[in-house]
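Chemist: Please read through the structure below; I'll follow up with questions.
The values are calculated or read from the model by the stated rules, or taken from the named source; none is laboratory data. Remember, predicted model here, so these are calculated numbers, not experimental data. Counting neighbours? That spans all protein chains shown, and the Cβs are built from the backbone with ideal geometry, glycine included. These area figures cover heavy atoms from the full protein model, side chains too; ligands, DNA and RNA do not enter into them. Shrake-Rupley method; radii C 1.70, N 1.55, O 1.52, S 1.80 Å.
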Amino acid sequence: MSHDHDDRPGLTAAQAEAALNPPPGRVGGDLVTETLQGLGAATVFGVSGRPAPGLSGALRRSALAYVELGAENNAAFAADAYGRITGEVAVLLLTAGPGALAALPALQEAAAASAPVLAVCAQVPAAGLGGRRHGHPHELRDQQASFREVVKSVHPVRTASQIPSAIADAWESALTAPHGPVWVEIPEDVLRAETLLPPVSALDATPRELYPRPELTLVAADLLARAVRPAIIAGGGVVRADATGKLRALAERIAAPVATTYGGKGAFPWEHPLSLRSWPGDPRVTELLEAADVLLVVGSGLGALSSGGHTFAPRGRIVQIEADAGKLEANHPALGIHSDAREALDALLDAVDPREDATAADRVRTALETAPVPVTGQEQGPTAGQEQGPTAGQEHGPADDQGPGPDARVLAAVRAALPDTAPSFWDLTPLTTLAWSAFDARRPNTTHSAQGAGGPGYALPSATGAAFADPTTPVLAVTGEDDAPHTAAELTTARRYGLPVTWLLVDGDGSDASGVQDGGPDAVRPDLVALAESLGVPALRSTPASLATDLTTALRAPGPSVIVLRAR
């Protein structure tokens, strides 16, 4: 049987020569780096001085930039942020056993946020696998089992010839909707052993498209067109799918109010007449959504954080678009459409008839009357070139005679100083919980917090990864003072690479987000200004009145900086 056309990639003359006469001194680790480069990777993350065995020399021989952080979990957070910001696969290199296990919390966060992280992890020598216990360093009975329920897919390697295919399969899995972290495991002896295999050249790891079923699109379009009170909830899947423009077009076509979940910040313009802003929150916004006769949920599973602790009780028909099949109808009966948000919204735009509703914007304004007042920074802090601090904004909730609380003033100062294009990363603090509902994310994919695993120490290493994704844009990390010691060591990373990361440390008054006292009045707090200065990082103490000016200056300066804020 002959073929008139063959799409298989060929080899250049140089590649053919290298294939027939492989260069000497290559090991299994070179197959890893060659495969990653062939797939398009340029940057990989790992721990300072300790890449997986067999990879140190391979990294030196490659064109890959190896970014070294102080701990495995921090390296995984950095890779997560790199993947979120670029939309590309972020590569993480881990050692076997304890090094791998230390990265589990960050990989859980990546899974919750659908961040495309490819973890390449060493394993004990192949002779120690299969249940045999030879007492190798870092030996676990079943290392894969520790990750199988966290990552999206697991790709074990047992011989050098399996390396390119396993990594390519993992790469494809990470980028196929829903995006997510994936796991490649390679025995140390395979990574270290010399190989005569030719250099890796042609690879195909094109992600699979996830389209909606046409009959379901037809039913959804008919429901939305005939609805009397439609409404939309947009989650993080809209942002990850780069579908914000299509969401806006659909909302305007059917005159549907739009609320975004905390993870969906930026999915819909904050000041749009149909915008219900961040939700869950005020009871009137909740009532508007619950009363919708057709509720379109896009890119969200309506989990605990996105439904007021599972108290949300919609009374109408639900249409749910979700790339993760496990989230379809997981919390509410719905017309479940298993699809990438962009593809499904595009199909709906082609199928749905326009709908007129002159009252939709009025219902949105009424619902927002008692909702959390947005913190925009406008008329509350300095614009470019101004030196005065922010004036008082409004308190979170209905206005009263007492003026703004300290968190509202601080958040207004942050919004005033932060450029619209600058990403920000937030550890869980009282300021963060206010930001979830009241912070105006003017661009999609710029506001991130640890909503999945929720552990401390997320913000600074994540900001570090984001700075590597775009070194020309300043990045903000927000952490409570009590949690700062978890990741303060990563200031050395920001200093070593000269990254434009500003770390804002806020005084949480000794309480976590739930108001539980943390540490008490005798809690020992390090002098974080002195610590930063000892590392050569500029640092200062700020107040709510001067924060906007201090932050503006820090964000404009090259390299890292630290601001310690005492809210009272």
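Chemist: Taking H placed 1.01 Å from N in the peptide plane, check which residues at least 5 places from residue 27 or on another chain put their amide H under 5 Å from its amide H.
Modeler: Correct list: 195.
Chemist: Using modelled amide H (1.01 Å from N, peptide plane; none on Pro or chain starts), what sits under 5 Å from the amide H of residue 318, excluding residues fewer than 5 places away?
Modeler: Correct list: 295, 335.
Chemist: How much length, in nm to one decimal, is gained on full extension between residue 63 and residue 325, taken as 0.36 nm per residue of separation minus their Cα-Cα distance?
Modeler: Extra length available between residue 63 and residue 325 comes to 90.5 nm.
Chemist: Roughly how many whole Å is it from the C-alpha centroid of segment 237-253 to that of segment 157-209?
Modeler: Taking the Cα centre of each part, segment 237-253 and segment 157-209 sit 33 Å apart.
Chemist: Find how much the distance from residue 556 to residue 13 grows on full extension, using 0.36 nm per residue of separation minus their present alpha carbon separation; answer in nm with one decimal.
Modeler: Fully extending the segment from residue 556 to residue 13 adds 190.6 nm.
Chemist: How big is the C-alpha Rg of segment 147-248 next to the rule-of-thumb value 2.2 N^0.38 Å, as a ratio? All intermediate terms of the calculation are to be shown ahead of the outcome.
Modeler: Values: Rg = 20.6 Å, N = 102, 2.2 N^0.38 = 12.8 Å.
Taking the Cα Rg and dividing by 2.2 N^0.38 Å, one obtains 1.62.
Chemist: To continue, here is another question. Taking all protein chains as present, what is the carbon and sulfur share of the accessible area of segment 172-331, in % to the nearest whole number, probe 1.4 Å?
Modeler: Within segment 172-331, the accessible surface is 52 percent carbon and sulfur.
Chemist: Given the peptides 459-466, 489-496, arrange them by the average over their residues of other C-beta atoms within 10 Å, most packed first.
Modeler: Values: 459-466: 32.4, 489-496: 21.4.
Top to bottom by mean Cβ count within 10 Å: 459-466, 489-496.
Chemist: Then there's this: Estimate the FRET efficiency between residue 534 and residue 37 by the formula 1/(1 + (r/R0)^6), using the beta-carbon distance for r and 30 Å for R0, to the nearest 0.05.
Modeler: Result of the calculation: an efficiency of 0.20.
Chemist: Applying 1/(1 + (r/R0)^6) with R0 = 51 Å to the Cβ-Cβ distance of residue 291 and residue 148, what FRET efficiency is obtained, to the nearest 0.05?
Modeler: Values: r = 42 Å, r/R0 = 0.82.
Calculated transfer efficiency: 0.75.
Chemist: Next question. With each pseudo-label sitting 7 Å past Cα toward Cβ, what's the residue 209-residue 226 distance in nm, one decimal?
Modeler: In this crude label model, residue 209 to residue 226 measures out at 3.0 nm.
Chemist: Run a plain Debye calculation on segment 194-295 (Cα atoms as equal point scatterers, no solvent) and give log10 I(q)/I(0) at q = 0.10, 0.13, 0.14, 0.15 Å⁻¹, rounded to two decimals, same order as the q list.
Modeler: At q = 0.10, 0.13, 0.14, 0.15 Å⁻¹ the computed log10 ratios are -0.38, -0.55, -0.61, -0.67.
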